[in-house]
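Below is one structure, written out as structure tokens, with a few remarks after it.
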Amino acid sequence: FNYIAAKAEILANPHDVTDVQFVQTQVQMCMEKKRARRQAVPLSMAMLATLEKLIMDETRPVNERAVWGFIRFLAGSRFRALDAARIPHEPKIESDKPQGLIVTTTLSELMKNGQRKDRRGIPVTVVAHAIGLTSLPWAKEWLRLRAEQGVNAEEWGRLQPNIDNEFRPVPGTTMPSDKVTFLVRRLASIEMEMTPTQVQGYSSHSCKPAF
């Protein structure tokens, strides 16, 4: 705020600024506080394909496969991690055709940008393609895995509970963004065999864009 006010004063009255040192000091303080924003590296097509294969891999534990399903759903819906984890309705698949969709709904007040009073109470549709890059029915399998776990958004009050070290869902909890970051980095490190430096570029925000 001080930076904006000082800058505005300079632009409006460039010849009337009496305390130049004060203005310069405020600008310097604000610039020192600002940190360069580092954008998360988006998931690649190869990573999305790997997620789909992990979901379908019957040699892996059900709990692990179900969690990868949630990460794939994030990438498909472009939702923020915590917003998606809070979705109160179980997704459904509209069609088994290649253009079929996995669909659910949430409420605006359960989302980061829906906290204002005038934005509350608005239904929000959440959509992703049900058939992935690999032509595997990842969404149908994800919902089956959730049913096998006994996890249901209506009954649990959220789409994705947090997990323990064995990928088991923990009742009464919601998966936080930092756990999604951990999972995405695990995918990059173990499944994609990336270097530690490359892995650090990924976070929960990597699921929003995908290239």
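The values are calculated or read from the model by the stated rules, or taken from the named source; none is laboratory data. Note that the structure is a prediction, hence the values are computed from the model and not measured. Ligands, DNA and RNA are stripped out before the accessible areas are found, and what is left, the full protein with its side chains, is counted by its heavy atoms. Shrake-Rupley method; radii C 1.70, N 1.55, O 1.52, S 1.80 Å.
By the gyration tensor of its Cα atoms, with a ≥ b ≥ c the square roots of the eigenvalues, what is the shape of region 115-211: rounded for a/c under 1.5, prolate for a/b over b/c, or oblate? Display every interim value, and only then the final one.
On the way: a/c = 1.44, a/b = 1.31, b/c = 1.09.
In terms of gyration-tensor shape, rounded.
Quick one: Karplus J couplings for region 78-88, per residue in order, coefficients 6.51, -1.76, 1.60, θ = phi - 60°, nearest Hz, x for Gly and Pro?
For region 78-88, the Karplus curve yields 6, 8, 4, 4, 5, 4, 5, 4, 8, 4, x Hz.
Let me cross-check ASP164: its accessible surface, 1.4 Å probe, with only protein heavy atoms counted, in Å² to the nearest 10?
50
Decide, for region 39-84, between rounded, prolate and oblate: order the square roots of the alpha carbon gyration tensor eigenvalues as a ≥ b ≥ c, take rounded if a/c falls under 1.5, and otherwise choose prolate if a/b is larger than b/c, else oblate. Provide the component values of the computation, followed by the final result.
Working: a/c = 2.65, a/b = 1.49, b/c = 1.78.
In terms of gyration-tensor shape, oblate.
At 1.4 Å probe size, put HIS89, HIS205 in order of accessible surface, largest to smallest.
HIS205, HIS89
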